[in-house]
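Okay, structure first, notes after.
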Amino acid sequence: MYKKLFLRKGKEESLKRFHPWVFSGAIHHIEGDPEEGEIVDVLTSEGEFIAVGHWQIGSIAVRVLSFEKRDIDTSFWEERLRVAYELRCAIGVARNPINNTYRLVHGEGDGLPGLIVDVYGKTAVMQAHSVGMHVNRNDVADAILKVTEGTVENIYYKSETTLPFKANLGPENGFIRGGSPENIAVENGLKFHIDWLKGQKTGFFVDQRENRLLLEHYAKDRSLLNMFCYTGGFSVYGMRGGARLVHSVDSSAKAVDLVNQNMALNFPGDTRHQAFAEDAFKYLDAMGDQYDLIILDPPAFAKHKDSLRQALKGYTRLNAKAFEKIKPGGILFTFSCSQVVTKDNFRMAVFTAAAQSGRRVRILHQLHQPADHPINIYHPEGEYLKGLVLYVE
Ligand code: SAH
């Protein structure tokens with residue numbers, strides 16, 4: 001029996017449409033005084049069961065785990081994790097001899113709000129974004145080991161920076177199952193060092209896998225600039241695609257070390273590649289017109305709705321610089337990973353930049369997050385990555 005949360009009259013509408021969040025303003029009262037992270041039943045004002053989920057403090061008060069009345073027990077976690085794993089097998093990213101890098105759990109997209117799990121070879125890196133998932137971390141870890149058919153042996157828990165600070169849980173990053181220093185993962189046959197200890201997010205940006213493959217397809221004989229390169233994913237694919245030269249740029253010196261390491265893993269001694277630790281805007285201002293393939297994959301410019309306008313200006317300013325300098329016949333891969341920036345917002349920002357440059361520009365591809373980052377159809381907020389591939393005359 002879980003503690004009961006009663007909604008105000010009429011506030012069950014979004015839950016009836018399977019939206020997985022209960023906002024604090026929708027709550028009438030709660031029986032018992034649940035601790036943050038506890039499982040609670042959500043009931044309508046009439047006392048009818050409507051959902052069960054993790055209670056949390058903040059504007060999202062409950063993250064729904066199920067719309068069926070059920071216990072959130074070992075079999076629940078196993079069931080959800082098994083469905084997630086089977087989906088990754090079905091789309092060909094797991095159980096694949098040339099790829100062992102994939103996202104196993106993408107929060108709401110997998111019916112597990114507040115949980116991210118990325119798999120790198122035999123190690124899964126798990127990140128809790130809610131106190132509830134932190135409380136249930138051991139259940140999740142056991143379920144991962146159980147459903148992945150022995151392919152995952154180690155689980156690294158990395159929630160130091162993702163859990164609500166106020167909850168004061170003091171989680172430490174570290175292995176909670178197994179443990180291994182082996183940190184090379186394979187993505188589409190290319191090797192990458194994954195720094196799950198200190199790297200951004202879970203150590204790697206798994207979400208660009210398919211877009212990197214597309215980039216490889218366009219790289220032959222081109223001069224490539226990979227701006228905001230981080231671990232150099234796009235750069236390594238560009239090399240395999242036969243680029244004439246590949247320049248990787250990131251403001252972080254650590255990222256430049258990582259890209260150099262990954263290059264040495266795949267293309268040792270190949271002099272086509274160079275990496276630079278520099279600010280994007282400075283580099284774009286100072287560079288000439290030598291590039292005919294440019295990637296712009298900046299960090300999220302807007303983290304909240306309030307910063308949307310500024311963010312759109314930022315995307316326009318950045319893309320304008322690329323349009324100004326890219327060689328005629330050049331190809332631009334440009335991205336936004338800000339969740340609050342819609343596909344239309346982003347397209348408008350890039351459109352404005354193109355118009356400012358006066359170049360003739362055509363859209364070749366419209367890109368998005370890959371299938372191992374699925375979007376729950378009832379939770380459109382799960383869509384965040386968008387990109388355009390443009391041909392610039
Ligand atoms: N394209 C990468 C992911 C990019 S993440 C991949 O496929 O893995 C964004 C990167 O932008 C981070 O590595 C961050 O260090 C870098 N960055 C942030 N601000 C920057 C700036 N002003 N100039 C250059 N790089 C910047």
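The values are calculated or read from the model by the stated rules, or taken from the named source; none is laboratory data. Everything quoted here is computed from the prediction, not taken from an experiment. Backbone-built Cβ (ideal geometry, glycine too); neighbour counts: all protein chains shown. Side chains included, ligands, DNA and RNA excluded: accessible areas come from the protein's heavy atoms. Shrake-Rupley method; radii C 1.70, N 1.55, O 1.52, S 1.80 Å.
Have a look at I194, I184, I144, I155 and point out the one that is more than 24 Å from G132 (Cα to Cα), outside the structural domain of P298 (by TED's automatic domain parsing) and open to solvent by less than 30 Å² (accessible area, probe 1.4 Å).
Testing whether each residue is more than 24 Å from G132 (Cα to Cα), outside the structural domain of P298 (by TED's automatic domain parsing) and open to solvent by less than 30 Å² (accessible area, probe 1.4 Å) leaves just I194.
Being closer than 24 Å to L169 by Cα and assigned to a loop (DSSP other than H, G, I, E, B) is the filter here; which residues of region 1-46 pass it?
Y2, G32, D33, P34, E35, E36, G37, E38, listed by residue number.
Given the conditions (1) more than 14 Å from the ligand (Cβ to nearest atom); (2) surrounded by 15 or more Cβ atoms within 10 Å (Cβ to Cβ); (3) modelled with pLDDT under 95, report the number of the one that F301 does not fulfil.
(1)
With respect to E160, is the statement that it is free of Cβ contacts under 8 Å to residues at least 40 places away in the same chain and either within 21 Å of R95 (Cβ to Cβ) or open to solvent by 70 Å² or more (accessible area, probe 1.4 Å) (or both) true? Working first, answer last.
Numbers: free of Cβ contacts under 8 Å to residues at least 40 places away in the same chain: yes; either within 21 Å of R95 (Cβ to Cβ) or open to solvent by 70 Å² or more (accessible area, probe 1.4 Å) (or both): yes.
Considered against the rule, which asks whether it is free of Cβ contacts under 8 Å to residues at least 40 places away in the same chain and either within 21 Å of R95 (Cβ to Cβ) or open to solvent by 70 Å² or more (accessible area, probe 1.4 Å) (or both), E160 comes out as yes.
Answer yes if at least one residue in region 72-84 is in a loop (DSSP other than H, G, I, E, B), at pLDDT 95 or above and farther than 25 Å from T123 by Cα, and no otherwise. Spell out how you get there, then give the answer.
Here is the first cut: in region 72-84, the ones in a loop (DSSP other than H, G, I, E, B) are 72-73.
Filter once more, keeping what is at pLDDT 95 or above: 72-73.
Then drop every residue that is not farther than 25 Å from T123 by Cα, which leaves 72.
Yes: region 72-84 contains one or more residues that are in a loop (DSSP other than H, G, I, E, B), at pLDDT 95 or above and farther than 25 Å from T123 by Cα.
Tell me, yes or no, whether region 334-345 has at least one residue that is within 17 Å of L293 (Cβ to Cβ) and assigned by TED's automatic domain parsing to the domain that holds R209.
Our first condition is that a residue be within 17 Å of L293 (Cβ to Cβ); within region 334-345, this holds for 334-335.
Add one more test, that the residue is assigned by TED's automatic domain parsing to the domain that holds R209, and what stays is 334-335.
Checking region 334-345: at least one residue is within 17 Å of L293 (Cβ to Cβ) and assigned by TED's automatic domain parsing to the domain that holds R209.
Give region 259-296 a look and list any residue that's free of Cβ contacts under 8 Å to residues at least 40 places away in the same chain, in a loop (DSSP other than H, G, I, E, B) and either in contact with a helix residue (DSSP H, G or I) (Cβ under 9 Å, 6 or more places away or on another chain) or within 16 Å of the ligand (Cβ to nearest atom) (or both), or say none.
Answer for region 259-296, where residues must be free of Cβ contacts under 8 Å to residues at least 40 places away in the same chain, in a loop (DSSP other than H, G, I, E, B) and either in contact with a helix residue (DSSP H, G or I) (Cβ under 9 Å, 6 or more places away or on another chain) or within 16 Å of the ligand (Cβ to nearest atom) (or both): F267, D270, R272, E278, D279, G288, D289.
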